[in-house]
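Have a look at the structure below before the remarks.
The values are calculated or read from the model by the stated rules, or taken from the named source; none is laboratory data. Please read these numbers as outputs of a predicted model, since none were measured by experiment. Glycine also receives a Cβ, built like all others from the backbone with ideal geometry; neighbour counts cover every protein chain displayed. Remember, those area values only see protein heavy atoms, side chains included, never the ligands or the DNA or RNA. Shrake-Rupley method; radii C 1.70, N 1.55, O 1.52, S 1.80 Å.
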Amino acid sequence: MAAPVMAMSKEYRRVLEKSLPRLCEDLDVDIVMPRLIAQELFNDSDCQKLNAEPVRTRKVIELVSILKRRGQRGFEVFVGILREDNGSCHLADHLEMVYNDMQDVPQNAMQTEPSVTHPIS
């Protein structure tokens, strides 16, 4: 029996979501797909879903959607696959940059309103 997949962290999911425009621009699904299969992250059914999408952007969106259900290992392996491909290593850099930028922002920074300062008269 296979070990249960640990859910992908909110941070990794957010990184993928924030990076989606860049991935849609530059990711070649046909290059990463064989490696995702070799790493047992994707299966034949996943390939059929991706190949059914005629538009590149839709393929990337579907790939990310599937990847987000592959847990922590899914994100880490995906970044590693991108890093290994000379034509995709800039995407690995981008994902890592987005992740690091998110770590530098306080968790509640987006939830609070900016403080309003009033000039002292």
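Selection of the range 18-38 for residues being β-branched (Val, Ile, Thr) and closer than 12 Å to Arg56 by Cα yields only Val29. Residues that are open to solvent by 60 Å² or more (accessible area, probe 1.4 Å), at pLDDT below 90 and in a helix (DSSP H, G or I) occur in the range 94-108; there is at least one.
If the condition is being free of Cβ contacts under 8 Å to residues at least 12 places away in the same chain and open to solvent by 80 Å² or more (accessible area, probe 1.4 Å), then the range 77-92 contributes Arg83, Asn86. Go through the range 1-33 and give me each residue that's open to solvent by 50 Å² or more (accessible area, probe 1.4 Å), at pLDDT 90 or above and not β-branched (Val, Ile, Thr). Once the filter is applied, which keeps residues that are open to solvent by 50 Å² or more (accessible area, probe 1.4 Å), at pLDDT 90 or above and not β-branched (Val, Ile, Thr), the range 1-33 yields Lys10, Glu11, Arg13, Arg14, Glu17, Lys18, Pro21, Arg22, Glu25, Asp26, Asp28, Asp30. Of the residues making up the range 41-78, those that are acidic (Asp, Glu) and assigned to a helix (DSSP H, G or I) are Asp44, Asp46, Glu62, Glu76.
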